[in-house]
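J.: Quick one: the structure is below, and I'll ask about it shortly.
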């Protein structure tokens with residue numbers, strides 16, 4: 001009996017073991033166990049339902065305005081930049097070839113774009129600068145905007161124009177044509193008033209030859225100075241200093257003549273008004289001369305078109321300064 005019991009039990013035990021093995025295999029298969037599978041890597045379904053892998057960041061690009069601009073000193077401008085494909089936040093860095101020349105700032109920066117402000121300070125010469133603004137998104141992608149700038153020293157243009165008038169004028173001022181003509185007219189007035197000839201001073205002959213030579217040298221150096229400014233060898237400040245030197249030398253040169261003219265006016269006893277002499281000005285009406293009369297704010301004024309008009313009491317001076325009008329016409 002014992003043997004028959006054992007024989008009947010064995011098949012049942014084997015069946016249960018086999019069943020457990022089969023069920024375990026099925027469970028392992030359903031749970032992904034028992035081996036490697038492509039389902040371990042995250043997949044993104046394509047439009048057709050297939051897996052195409054992790055998507056790459058979109059390409060980051062800039063859309064810009066001008067790449068070359070011209071700016072005058074003490075002005076500023078805004079340039080807008082648009083972004084496409086920016087991933088996350090965007091940052092900016094600025095590089096300049098001449099860092100001290102310009103002030104560059106970035107504002108209103110977002111995933112859609114930014115604003116670049118460029119400000120130009122006071123300048124001493126014309127110049128140029130190149131600005132490179134690099135934008136970077138959160139994915140580490142970069143794109144750059146290179147801006148070439150021409151910088152215009154507008155006040156330097158005026159200073160150079162004034163210097164040219166002074167330098168041109170220095171070569172002719174030494175002849176003192178208007179002063180000589182005024183001397184002749186005042187002398188005639190005195191004779192008409194009965195002033196003895198012996199009491200009338202003569203026009204100075206021995207003027208300072210050194211100062212005269214210096215003024216001629218200034219006139220001859222005009223082209224050299226202009227070119228030196230244009231190629232930035234000298235600055236606007238230096239050009240202004242040269243103009244001041246010419247005017248000061250001219251004032252020194254004419255001192256002996258002014259003393260005689262003032263004496264003649266005094267002898268005329270009110271027939272002509274007092275003459276405010278001693279300051280040599282730029283004759284901007286002609287653009288070529290220096291004068292003690294044209295440009296003298298106590299004697300008259302310029303119109304907006306640089307036409308000089310004497311005040312009523314100095315109208316008699318107009319006939320003495322016709323050379324400026326003729327020079328302007330000849331020019």
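J.: Using the per-residue mean of other Cβ atoms lying within 10 Å as a proxy for protection, in what order, highest first, do the peptides 282-289, 188-195, 109-116 fall?
T.: 282-289, 109-116, 188-195
J.: With viscosity set to 0.692 mPa s at 37 °C, what whole-number translational diffusion coefficient in µm²/s follows for segment 155-330 from Stokes-Einstein and a Kirkwood radius over Cα pairs?
T.: Working: Rh = 17.2 Å.
Translational diffusion coefficient: 191 µm²/s.
J.: Could you please rank 304, 309, 149, placing first whichever residue has the fewest other Cβ atoms within 10 Å of its Cβ?
T.: Ordered from fewest to most neighbouring Cβ atoms within 10 Å, 304, 309, 149 come out as 304, 309, 149.
J.: How high is the relative contact order of segment 61-152, given as a whole-number percent (alpha carbon pairs under 8 Å, six or more residues apart)?
T.: For segment 61-152, the relative contact order is 38 percent.
J.: Also: Using all alpha carbons of segment 129-231, what is the percent of pairwise distances in each 10 Å bin, ordered from the shortest bin to the longest?
T.: Per 10 Å bin, starting at 0, the Cα pair percentages come out as 11, 22, 17, 15, 12, 8, 6, 5, 3, 1.
J.: Give me the percent relative contact order of segment 155-330, please, defined on Cα pairs under 8 angstrom at least 6 residues apart.
T.: This gives 28 percent for segment 155-330.
Each reported figure results from applying straightforward, stated rules to the coordinates on display, with no laboratory input. As the structure is a prediction and not an experimental result, all values here were calculated from the model. Counting neighbours? That spans all protein chains shown, and the Cβs are built from the backbone with ideal geometry, glycine included.
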